[in-house]
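Here's the structure we're looking at; comments come further down.
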Amino acid sequence: MVALSPFLYRTGSGVSVIFGELFQLPSPPQIDVMYTTLLIELCKLQPGSLPQVLAQASEMLYTRLDTMNTTCIDRFINWFSHHLSNFQFRWNWEDWADCLSQDLDKPKPQFVREVLEKCMRLSYHQRILDIVPATFSALYPANPSNVIKYGDESNSALPGYSVAVILTNAIKNKASDKEIFNILKDIPNPNQDDDDDEGIGFNPLKIEVFVQTLLNLASKSFSHSFSALAKFHDIFKALSESDEGKLHILRVVYDVWKNHPQMIAVLLDKMIRTQIVDCAAVANWIFSPELSPDFTRFYIWEILHSTIRKMNKHVQKIQKELEDTKQRLAKQHKHRDSDDNDEDSGRKDGPLEEQIERLQEKVESAQSEQKNLFLVIFQRFIMILTEHLVRCETGGIDVNTAWYKNCRERLQQIFLQHHQTIQQYMVTLENLLFTAELDHHILTVFQQFCALQS
């Protein structure tokens, strides 16, 4: 525990230092939760003074939300919600009632909405409704229940409904994968021409019926959902063979759990780990039109950054395996130099050399995936920002909307938080995406990042 003098307890100096580190860009010196834990402990040690100091600090930070960097707002959300959860969620919400008269895409109402969402993750839905005044109902988190289109008999006319009923009973009766596949093969492909006898191709309806049905049956808890993904992994892999299939699986997960962002995040995390979907598919999904209503939501960027980190760790893991194998071979060579039996030692080199060759191929493949992920992300950023700029110019609208500020700062956030990895692909990014012809509003972000690296 960091030792702070009683003087710092009584004044706000210690709190200022802690917040100064927490909001440091691009990353704080310690993990975020360390600062949260420290402030909680200080409040317990000095209950007569520190809570009031933190309340004043929170008020001050709230008043600065309109000009605060998006990354700092993220950290403010995480800290504040975590802190409240340790003190019975006590807060005078009426002090922040000014956010209720603002558009929901403005920083203040967005902040309150995300804090309440985070608080719900740390408690439960009804608790949030009980502690927050009804005047804030527009910012309440949605009831985290699933939405199943095949769960209501009133939707019996929907394509695939009858198969969904059969599939539900089959899964409940512990049907085998082969039996499930036989049920799914009866689902017509809306993308297939009537005269196409092959029956080959991406079938969105088949994915929709299977994923909706399974997620509904496994909706009781996270562990039930994880078990379902594991049990029917082979079916998921078959349905996600194509890029379109992967993207549609993500769409259906969102349709089912749009009211439960945390469930979406943990399911996508599991799907990436089990290779049902890949990182590029998640990036494409995040920038898809279907997700535009949630594009500025906090959980979307949690998912994207988590996806990038998984890809980076995957590359680092293979690189470490390669380096370790090379070191083993070097030690073997060193041992051989001092050994007279060269012929026997030479035979021992073969397996390691083959392993190194395989690992080098895996590293190259993983780095290619990593580079493609960043190309997808930055290309999508450029596309949506360009569309916004053109729309504003055509309509004579001010470019600097709340959405534009958020999106542009999210682009900066990607560069800053993953700068060590992105540096490897700077030449490719400059040649393919951030060219001189790009609008200066977007190009400036890349140029500023380049200036930081020089």
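Observations on the structure shown:
- Estimated [θ] at 222 nm from DSSP helical runs (n ≥ 4, -39500 (n - 2.57)) normalised by residues in the chain, nearest 500: -21500 deg cm²/dmol
- Within the chain, longest stretch clear of exposed trypsin sites (Lys or Arg not before Pro) (DSSP loop, no more than 14 other Cβ within 10 Å): 221-454
- Check: the chain dipole with +1 on Lys, Arg Cβ and -1 on Asp, Glu Cβ, in debye: 1840 debye
- Loop chymotrypsin sites (Phe, Trp or Tyr not before Pro), segment 76-122 (other Cβ atoms within 10 Å of the site Cβ: 14 or fewer; DSSP): F87
- Percent of Cα pairs exceeding the 27 Å cut-off, where the set is segment 153-277: 14 percent
- Exposure proxy order (Cβ contacts within 10 Å, fewest to most) of D177, D255: D177, D255
- Point-to-point label distance, A55-T135, nm (Cα→Cβ direction, 7 Å offset): 1.7 nm
- Label-to-label distance, nm, for residues given as M426 and Q30 (7 Å Cα→Cβ offset): 3.3 nm
- When the inverse distances between all different Cα atoms of segment 377-450 are averaged and flipped, the Kirkwood radius reads 12.8 angstrom.
- Projected over all directions and averaged, the alpha-carbon convex hull of segment 69-151 occupies 6.5 nm².
- For segment 257-323, the calculated P(r) over all alpha carbon pairs, in 10 Å bins from 0 to the bin holding the longest distance, is 19, 51, 22, 7, 1 percent.
- Within straight-line reach of K405, meaning a Cα separation under 28 Å, sit the following lysines at least 8 residues removed in sequence or on another chain: K106, K108, K118, K258, K310, K371.
- Applying Stokes-Einstein at 20 °C and 1.002 mPa s to the Kirkwood radius of the chain, computed over alpha-carbon pairs, gives a translational diffusion coefficient of 83 µm² s⁻¹.
- Relative compactness, segment 6-139, computed as alpha-carbon Rg over 2.2 N^0.38 Å: 1.04
- Across segment 6-139, the mean sequence separation of Cα contacts (distance under 8 Å, 6 or more residues apart), normalised by length, yields a relative contact order of 22 percent.
- Full extension of the chain between T401 and F222 yields a length gain of 60.7 nm, computed as 0.36 nm times the residue separation minus the alpha carbon distance.
- Linear extension gain, D98 paired with R273, 0.36 nm per residue minus alpha-carbon span: 58.7 nm
- Proportion of all alpha-carbon pairs of segment 302-453 beyond 20 Å (%): 61 percent
- Loop GluC sites (Glu not before Pro), segment 153-242 (other Cβ atoms within 10 Å of the site Cβ: 16 or fewer; DSSP): E198, E241
- Inter-centroid distance (Cα atoms) of segment 406-454 relative to segment 59-135, Å: 31 Å
Here, each number is a calculation from the coordinates, and none is a lab measurement. None of the values given here were measured: they were computed from a predicted structure. Note that we place each Cβ from the backbone using ideal geometry, even for glycine, and neighbour counts take in every protein chain shown.
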